[in-house]
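Inspection log for the structure reproduced underneath, given as structure tokens.
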Amino acid sequence: MSQRILDTISSPADLKDLSYEQLDELAKEIRGEIIAVCSMNGGHLASSLGAVELIIALHRVLNCPHDRIVFDVGHQSYAHKLLTGRLNRFETLRCEGGLSGFTRLNEGPYDSHDSGHASDSLSMALGYALARDLAGTDQRVAALIGDASISGGMALEALNFIGQSKTKLTIILNDNEMSISRNVGALSLYLGRARTSRTYLRARDGVENRLNQTGTIGRTLAIAGEVAKRSVKNLMVPGMLFEDLGLTYIGPIDGHSIADVEEAVTRAQRIDGPVIIHAVTRKGAGYAPAEKRPDLFHGVGPFDIDTGKPLPSAPGPVKYTKVFGDALVREAEANPRIVAITAAMTDGTGLAPFARRFRNRFFDVGIAEENATAMAGGLALGGQLPVVAIYSTFLQRAFDQIATDVCLPNAHVVLALDRAGLVGADGPTHHGVFDIPYLRILPNMKVLAPSNEAELVDALHTALALSGPVALRYPRGAAEGVELPEKPQAWELGAAGERYQPAGQGDPRVSILAVGRVVGRARAAADLLAQKGISCRVTDMRWVKPVDEAAVREAASSQLVVTAEEGVVSGGFGSAVLESLSRQGLCPETLQLGIPDRFVEQGPVDSLLAKVGLSPEAIAQRIEETLATLGARG
């Protein structure tokens, strides 16, 4: 068996001498490697398959790492990793201690930033270009951004300034008509017209050429037609949007033709100013199941390569996302004021059933969390009851809108924060560990953290029954396996839930106040402590804000008060408990457990929880160590 071309590539420089026939074969080999590894580890398959030729061509023209390629989101960068010396580690993709599923600065000089969130590449690339201009170097900078990401507000802000700056920058617009869900919005329709404008372009150029060839009269007609032609172009050639913003537009081109992309990038390097190359691609290209269902293959778990079907997993509890989605449909059937909003995450947030059932009451605004949140504020003030379902890590973008458009007018908006806590293989850009601090500091905001799927149903019902802004956070993946309530119950505002204490114990020496998924782990830790003769009571606090002052006071009668949360310790739920103790003039010994003051890498959730001290064993050990220290001091 002959050696793969891919095995001979140690850096992008090795691409320079390959023929186009060899490059096409290399593209097939890259796709085969990506499919093989993602079938074992999962990953963002369809987006990476669709960008293979774009990445090969970029590396052919540019001289990285001296030149820079900035990837938007980064989940389309797998080919880039394979071409930049990471082939021998590629099988560790998204594994604990392995390669990230996104570009990461700590993986080597070829990655330009720590990617993971959409629409930031143009701003990052612009920064690189301006830094080059100030330093006076010859560095070339290119950004690769998708048609979904370019519709995000941050990308549009960057485009506005790029055109003004006139700096030399190449933007590759990877147009595959998809984000995670199918693209929505006016810009998506605009790009759709560009994909079908080639016939017009050929006809226009043909007419112009024939007029110029007919002599003076023909040339006069051609010149006289320039104003009219530009008006027609504005209507029929969507590239004029970018031209009017100050960028030179090239395209649309076939994004799967390495020669065409290479020629376009080479042309762009000869233009003194910003250039946008509109490349049309197929998401999932080269793998039939992914081409057929790019939405399902955007982010996948392990699957069978031959069929594309997910590998069977052991039966387990229902996922939190499905519990939320089904519960919201039931609530909306009873309350016609309920509307649902998401930001390009219809399936990911479990809203697909709602969208099918209540088409006129569902809004997918695309990658625009700020717009989703402010729009929800307007809907609420207009008499509707909006539920905004967004991943915790992405809602960070909408902090200002939460503050001024929801909390300031005390609008009844329900923020459903999916993927709260540690999420696993997607790593630090996707862990939802910062929402508690940034939500609880806002006036009028109320924050719920249900501990299991039954509590999630009740928490949603409670949030809808309240007034003013309410957020509920819940984790990714399988729930706890408890029975769902036939009829949801509304909770008392700020009242803690169930107390748990192993049988046969007296007054608790330790009180654990916990929220969210950590409640179950805290109960298991109490059982471990009981085996060592340490009495411990666990309170499911349910509410991050307002905190149950009576439950805090009850806990303060113990020797040690422990707070446990799947979020950052700094400013989190534990801080809220300490503030409550201070308000009440109580001074027990305390221990705060949660995510430490650092970014957490990717890995299996249970392994990550153990590493940050939130497994039952780690919780019990920290409590034992703290009690030992107290005993030594006493």
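The values are calculated or read from the model by the stated rules, or taken from the named source; none is laboratory data. Quick caveat: nothing in here was measured; it's all calculated off a predicted structure. All Cβ positions, even for glycine, are placed from backbone atoms using ideal geometry, and neighbour counts span all protein chains on display. In case anyone asks, the SASA skips ligands and DNA or RNA and just uses the protein heavy atoms, side chains included. Shrake-Rupley method; radii C 1.70, N 1.55, O 1.52, S 1.80 Å.
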Scanning the range 1-55 residue by residue, those under 27 Å from the mean Cα position of the chain (by Cα) and of a type outside the set (A, V, I, L, M, F, W, C) turn out to be Arg31, Gly32, Glu33, Ser39, Asn41, Gly42, Gly43, His44, Ser47, Ser48, Gly50, Glu53
Among (1) of a type outside the set (A, V, I, L, M, F, W, C); (2) on the phi < 0 side of the Ramachandran plot; (3) crowded, with 20+ Cβ neighbours inside 10 Å, the one test that Arg542 misses
(2)
Per-region count, the range 488-510, residues of a type in the set (Gly, Ala, Ser) and under 42 Å from the mean Cα position of the chain (by Cα)
5
Kindly indicate the residue of the range 442-456 that is under 19 Å from Leu466 (Cα atoms) and assigned to a loop (DSSP other than H, G, I, E, B) and also most open to solvent (accessible area, probe 1.4 Å) among those meeting that condition.
Pro443
Among residues of the range 364-386 being polar (S, T, N, Q) and open to solvent by 40 Å² or more (accessible area, probe 1.4 Å), the residue nearest to Asn335 (Cα to Cα) is Gln384
Gly506 vs. criteria outside any strand (DSSP E or B), touching a residue at least 24 places away in the same chain (Cβ under 8 Å), small (Gly, Ala, Ser) and more than 22 Å from Val423 (Cα to Cα):
yes
I need a count of the residues in the range 241-258 that are touching a Gly at 6+ places or on another chain (Cβ under 9 Å) and open to solvent by less than 30 Å² (accessible area, probe 1.4 Å).
7
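Could you grab me the full set of residues in the range 35-60 that are farther than 24 Å from Gly424 by Cα and open to solvent by 20 Å² or more (accessible area, probe 1.4 Å)?
Step one: of the range 35-60, the residues farther than 24 Å from Gly424 by Cα are 50-60.
Result: Arg60, single match.
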Positions within the range 503-518 being more than 17 Å from Leu560 (Cα to Cα) and open to solvent by less than 10 Å² (accessible area, probe 1.4 Å), in sequence order:
Val515, Gly516, Val518
What do you reckon, is Ile150 surrounded by 24 or more Cβ atoms within 10 Å (Cβ to Cβ), under 21 Å from Gly366 (Cα atoms) and among the β-branched types (Val, Ile, Thr)?
yes
Can you run down the residue pairs with Cβ atoms below 9 Å, 6 or more apart or on separate chains, where the first is in the range 259-271 and open to solvent by less than 40 Å² (accessible area, probe 1.4 Å) and the partner is part of a helix (DSSP H, G or I) and among the β-branched types (Val, Ile, Thr)?
Val261/Ile56; Val261/Val61; Glu262/Ile56; Glu262/Val61; Val265/Val61; Ala268/Val61; Gln269/Val61
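So that you can scan it fast, the table gives a plain yes or no per residue for (1) closer than 25 Å to Ala343 by Cβ; (2) aliphatic (A, V, I, L, M):
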residue: His431; (1), (2): yes, no
residue: Phe434; (1), (2): yes, no
residue: Glu455; (1), (2): no, no
residue: Leu464; (1), (2): yes, yes
Would you mind stating whether Glu91 is over 22 Å from Val423 (Cα atoms), acidic (Asp, Glu) and either modelled with pLDDT under 95 or open to solvent by 10 Å² or more (accessible area, probe 1.4 Å) (or both)?
no
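Can you confirm whether the range 14-34 contains a residue that is open to solvent by less than 10 Å² (accessible area, probe 1.4 Å) and not in a helix (DSSP H, G or I)?
Looking through the range 14-34, none of the residues is open to solvent by less than 10 Å² (accessible area, probe 1.4 Å) and not in a helix (DSSP H, G or I).
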Could you say which residue among Leu591, Leu586, Leu609 is open to solvent by less than 10 Å² (accessible area, probe 1.4 Å), in contact with a Lys or Arg (Cβ under 9 Å, 6 or more places away or on another chain), of a type outside the set (Gly, Ala, Ser) and in contact (Cβ under 8 Å) with a residue 12 or more places away in the chain?
Leu609
Go through the range 284-360 and tell me which helices (runs of 4 or more DSSP H), entirely inside it, have 1 or more residues that are among the hydrophobic types (A, V, I, L, M, F, W, C) and without any contact (Cβ under 8 Å) to a residue 12 or more places away in the chain.
320-334
Those residues of the range 532-545 that are in contact with a helix residue (DSSP H, G or I) (Cβ under 9 Å, 6 or more places away or on another chain) and in a loop (DSSP other than H, G, I, E, B) come to a total of 5
Number of the exception - Gly427 against (1) in contact (Cβ under 8 Å) with a residue 60 or more places away in the chain; (2) surrounded by fewer than 21 Cβ atoms within 10 Å (Cβ to Cβ); (3) on the phi > 0 side of the Ramachandran plot
(2)
Which is within 32 Å of the chain's Cα centre (by Cα), charged (D, E, K, R) and open to solvent by 30 Å² or more (accessible area, probe 1.4 Å), of Arg521, Arg553?
Arg521
Condition check for Ala46: among the aliphatic types (A, V, I, L, M) and part of a loop (DSSP other than H, G, I, E, B):
no
Checking Leu417 against (1) under 21 Å from Ala343 (Cα atoms); (2) open to solvent by 10 Å² or more (accessible area, probe 1.4 Å); (3) touching a residue at least 24 places away in the same chain (Cβ under 8 Å), only one condition comes out false. Which one?
(2)
Specify the residue that is modelled with the lowest pLDDT; the eligible residues are those in the range 400-430 that are of a type in the set (Asp, Glu) and out of contact with any strand residue (DSSP E or B) (no Cβ under 9 Å at 6 or more places or on another chain).
Asp426
